[in-house]
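Heads up: the structure comes next, in C-alpha cells.
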Amino acid sequence: MVDAFDDILFSGHALRRMFQRGIIREQVKGVLSHGETIADYPDDSPYPSRLILGFVDSMPLHVIFAEDRDLKTGIIVTAYIPDVSLWGDDFRRRRET
C-alpha cells in the first residue's frame, strides 16, 4: 500500500498517542501494508494525507498517513482505535449526528 515511499517516519505526536492507546509500531505497519484508504485529505498541510483502515486480530485501527512525495517519505501522523459510537459498523464512515 505504501511501497512508493523510501522511508516511513513516526511523528512524535503519533508515538505519544500510540503509547497512550497501547498501539505498537508493528500494528501500524501492518495497517500500512494491508489496510484500505477510506479518506483522502489532499489539502492537508504541510503534506497531503489519508486515513487508512486496517484490522489487527479483528480489532479496527485507523492510521493517518501523510505523504512527502518530494522526499519519498511517509509520515505516521497518528493511529487510533475508532470509537464505535462515532463510526459505522464497518469503521469506514462516520456516523451521522
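Return a yes/no flag: does segment 75-84 have any residue that is within 21 Å of residue 16 (Cα to Cα), modelled with pLDDT of 95 or more and touching a Pro at 6+ places or on another chain (Cβ under 8 Å).
Yes, that holds for at least one residue.
Could you check segment 37-57 and list, in sequence order, the residues that are free of Cβ contacts under 8 Å to residues at least 24 places away in the same chain, under 17 Å from residue 81 (Cα atoms) and touching a Lys or Arg at 6+ places or on another chain (Cβ under 8 Å)?
Matches in segment 37-57: 39 only.
Out of all the residues in segment 27-76, which are surrounded by fewer than 18 Cβ atoms within 10 Å (Cβ to Cβ) and β-branched (Val, Ile, Thr)?
Passing the criteria: 37, 38, 56, 73.
Can you tell me which residues in segment 1-15 are outside any strand (DSSP E or B) and farther than 19 Å from residue 82 by Cβ?
If the condition is that a residue be outside any strand (DSSP E or B) and farther than 19 Å from residue 82 by Cβ, then 2, 3, 4, 5, 6, 11, 12, 15 are the ones that fit.
So which residues in segment 2-26 are in contact with a Phe, Trp or Tyr (Cβ under 9 Å, 6 or more places away or on another chain) and surrounded by 15 or more Cβ atoms within 10 Å (Cβ to Cβ), if there are any at all?
From segment 2-26, those in contact with a Phe, Trp or Tyr (Cβ under 9 Å, 6 or more places away or on another chain) are 2, 8, 17-18, 21, 23, 25; that's our starting set.
If the condition is that a residue be in contact with a Phe, Trp or Tyr (Cβ under 9 Å, 6 or more places away or on another chain) and surrounded by 15 or more Cβ atoms within 10 Å (Cβ to Cβ), then 2, 8, 17, 18, 23 are the ones that fit.
Condition first: part of a helix (DSSP H, G or I) and charged (D, E, K, R). Now tell me which residues in segment 16-61 satisfy that. Walk me through how you get there before you give the answer.
Going residue by residue through segment 16-61, those that are part of a helix (DSSP H, G or I) are 16-21, 25-34.
Passing the criteria: 16, 17, 21, 25, 26, 29.
The values are calculated or read from the model by the stated rules, or taken from the named source; none is laboratory data. All figures in this text were calculated on a predicted structure; none of them were measured in a lab. Every residue, glycine as well, gets a Cβ built from its backbone with ideal geometry; the counts of neighbours run over all protein chains shown.
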